[in-house]
Amino acid sequence: MYDVIILGSGPAGLTAAIYTTRANLKTLVVGGLNWGGQLMLTTLVENYPGFPDGIQGPDLMVAMKKQAERFGAEFIQADFSKADFSKKPFTVWVGDKTYESKSVIIATGAETKWLDVKGEKEKIGRGVSSCAPCDAAFFKELDVIVVGGGDSAMEEALVLTKFASSVTVVHRRGELKASQIMQERAQNNSKIKFILNSEIVEILGDQKVTGVKIKNNKTGEVKEMSINGVFVAIGHMPNSSLFKGITLDKEGFVEVYNQTKTNVDGVFVAGDVHDSRYKQAVTAAGFGCMAALEVEHWLRDLES
């Protein structure tokens, strides 16, 4: 019987584990086969506080994991298959084993929706990115593309204009989906231009991005365009599909009630699985801290 089971091992889950174990709560982290979250796919992280020269994403996650384990967190590097929140204690299935806990923190994160085109996967972190606030500084005085037509794509484009020489927004439809105010901000920026009714069908380059092939969806014509970076801003998919009885919003993000609580008493949430707005490692870690403190208070009230 655990005091808390943490589902997920990105910055939210591991920060939560550091706090729960230091509060002397028996903690199990179900980290997943691909543990560590989205930072395991990044290279240099320059905006995480405390590292003036930056730190490699995987190195940061290894350090967080060691810190949580040092304080006593148990770690399973396997995926859970289901969780039962309908009765207490809560039950989590991992392979052919079950684990019980008084409380649960959902910290399963979200996954970037990638383009799934030739040349993309191997260049993530080498010119292909999904986070302008994280990586814009690497593209100083270079030319970049933002793929997408929503508010997040316009935000990415505007951030990139502070560094890049030019930003080209590529959208598969003839009209942008972004709110009017975000469209106007982007359209009024002299560094941003638009290619509509078009999609990227291949990302070119050997070790890094050197260009793209763009297909016109109306004519079918494919053209090559020289470019230094591709920022994908077509949305995120929260890893929430396995949670029965947990209220989700229309996009699948976990609904939050009163800080980090879900609709199920004793089940808390932290990080990108509920945060559709900020999507930063440091905010995920902050949510992990909040969820852990809330769990500590909830368990204390339970026993009093």
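The values are calculated or read from the model by the stated rules, or taken from the named source; none is laboratory data. Please read all numbers here as calculations on a predicted model, not as lab measurements. Cβ coordinates were reconstructed from backbone atoms using ideal geometry, including for glycine residues, and neighbour counts include every protein chain displayed.
Structure notes:
- Odd one out for Lys66, checked against (1) over 19 Å from Gln280 (Cα atoms); (2) out of contact with any strand residue (DSSP E or B) (no Cβ under 9 Å at 6 or more places or on another chain); (3) surrounded by 23 or more Cβ atoms within 10 Å (Cβ to Cβ): (3)
- One residue from Gly50, Gly37, Gly10 being within 22 Å of Met290 (Cα to Cα) and in contact with a Pro (Cβ under 7 Å, 6 or more places away or on another chain): Gly37
- Residue match in region 131-146 (condition: within 16 Å of Leu41 (Cβ to Cβ), in a loop (DSSP other than H, G, I, E, B) and in contact (Cβ under 8 Å) with a residue 24 or more places away in the chain): yes
- Search result, residues across region 242-264 that are of a type in the set (Lys, Arg), assigned to a loop (DSSP other than H, G, I, E, B) and touching a residue at least 12 places away in the same chain (Cβ under 8 Å): Lys244
- Taken over region 265-276, the criterion of being over 18 Å from Gly109 (Cα atoms) and crowded, with 19+ Cβ neighbours inside 10 Å is satisfied by Gly266 alone.
- Among residues of region 265-304 being hydroxyl-bearing (Ser, Thr, Tyr) and not in a helix (DSSP H, G or I), the one that is modelled with the lowest pLDDT is Ser304.
- Taking each residue of region 87-107 that is closer than 16 Å to Lys26 by Cβ and looking for partners that are basic (Lys, Arg) and crowded, with 19+ Cβ neighbours inside 10 Å with beta-carbon atoms closer than 7 Å, six or more apart or interchain, yields Pro89/Lys102.
- Region 92-124, residues that are β-branched (Val, Ile, Thr) and within 26 Å of the chain's Cα centre (by Cα): Val92, Val94, Val104, Ile105, Ile106, Thr108, Thr112, Val117, Ile124
- Scanning region 213-263 for residues that are among the acidic types (Asp, Glu) and outside the structural domain of Cys134 (by TED's automatic domain parsing) gives Asp249, Glu251, Glu255.
- Residues that are basic (Lys, Arg), crowded, with 16+ Cβ neighbours inside 10 Å and touching a residue at least 24 places away in the same chain (Cβ under 8 Å) within region 192-223 are absent altogether.
- Leu60, sole failed condition from (1) more than 25 Å from Val92 (Cα to Cα); (2) surrounded by fewer than 22 Cβ atoms within 10 Å (Cβ to Cβ): (2)
- Checking Ser226 against (1) of a type in the set (S, T, N, Q); (2) closer than 27 Å to Tyr2 by Cα; (3) in contact (Cβ under 8 Å) with a residue 40 or more places away in the chain; (4) exposed (fewer than 15 other Cβ atoms within 10 Å of the Cβ), the condition it does not meet: (2)
- Note on region 118-157: residues that are surrounded by fewer than 19 Cβ atoms within 10 Å (Cβ to Cβ) and of a type in the set (Phe, Trp, Tyr) amount to 1.
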